[in-house]
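To start, the structure under review is shown below, and the notes come after it.
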Amino acid sequence: MKKAAVILLYGFAFSCTGVTVPSKVNNDSAATTVQKTGTLVKDKTLDSVDNANAEIIKNDGGHIQKAIVFRKDSIIWLTANIKIDHRIFGYESAGTSSRKMILISIFTGDVEGNPFKCPFGAYYQSSDMVNINLKFISVEGPFAKVRVIKDGKPVGIVYIENKWLEFEK
């Protein structure tokens, strides 16, 4: 409810400035551009979807869902909660500017059709990753080194920002 009010407030405040405001209507997170006439136009380019969803996560502050690293086997698991946002990229190397290799996101625009062309796929939650597991290996600065396992065999390494992981207690 608070998010909707903030988005409406931003839309009203900037209705004549051409500012891009994130929209989360029908789980479609494409940016909504407010033109000088006050009409809303959807911009569905990948960059606008990426920026809008990143902004929603940023505005969530500490109220984001994290993936759990199980103590028993170091498997990383996330079950989507529609009330809490998550957007977890696994990168080719320990840096957010490197290639995006896998994505677990609550946003339809991030997942449907794998628009970021992540080689290991784009999913809403761990249970959607058929025959794929993510296994925590180590911490490397602000990133976790994670092994991608498909059909029981290691197929690659990705790096996930530590802020997205929570270790089972």
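Using label points projected 7 Å from each Cα along Cα→Cβ, tell me how many nm separate ALA54 and ILE132, to one decimal.
It works out to 2.1 nm between the two label points.
Per residue of the stretch 150-158, what does 6.51 cos²θ - 1.76 cosθ + 1.60 with θ = phi - 60° give for ³J(HN,Hα)? Whole Hz please, x for Gly and Pro, Karplus curve as stated.
Per-residue couplings from phi come out as 10, 6, x, 10, x, 10, x, 10, 10 Hz.
Which of the pairs LYS58/LYS135; LYS58/LYS153; LYS145/LYS169; LYS66/LYS150 have their Cα atoms more than 28 Å apart in this structure? All intermediate terms of the calculation are to be shown ahead of the outcome.
On the way: LYS58/LYS135 26 Å; LYS58/LYS153 35 Å; LYS145/LYS169 20 Å; LYS66/LYS150 22 Å.
In this structure, LYS58/LYS153 exceed 28 Å between Cα atoms.
So, in nm, how far is label ILE82 from label THR45 when the simple model puts each one 7 Å beyond its Cα toward the Cβ?
Those two pseudo-labels are separated by 3.3 nm.
Report Rg (one decimal) and Dmax (nearest whole number) for the stretch 66-169, counting Cα atoms only, units Å.
That works out to 12.5, 36 Å for Rg and Dmax.
Each value in this text was obtained by applying a stated rule to the coordinates, not by laboratory testing. Since the structure is predicted, the reported quantities are computational estimates derived from the model, not experimental observations. Every residue, glycine as well, gets a Cβ built from its backbone with ideal geometry; the counts of neighbours run over all protein chains shown.
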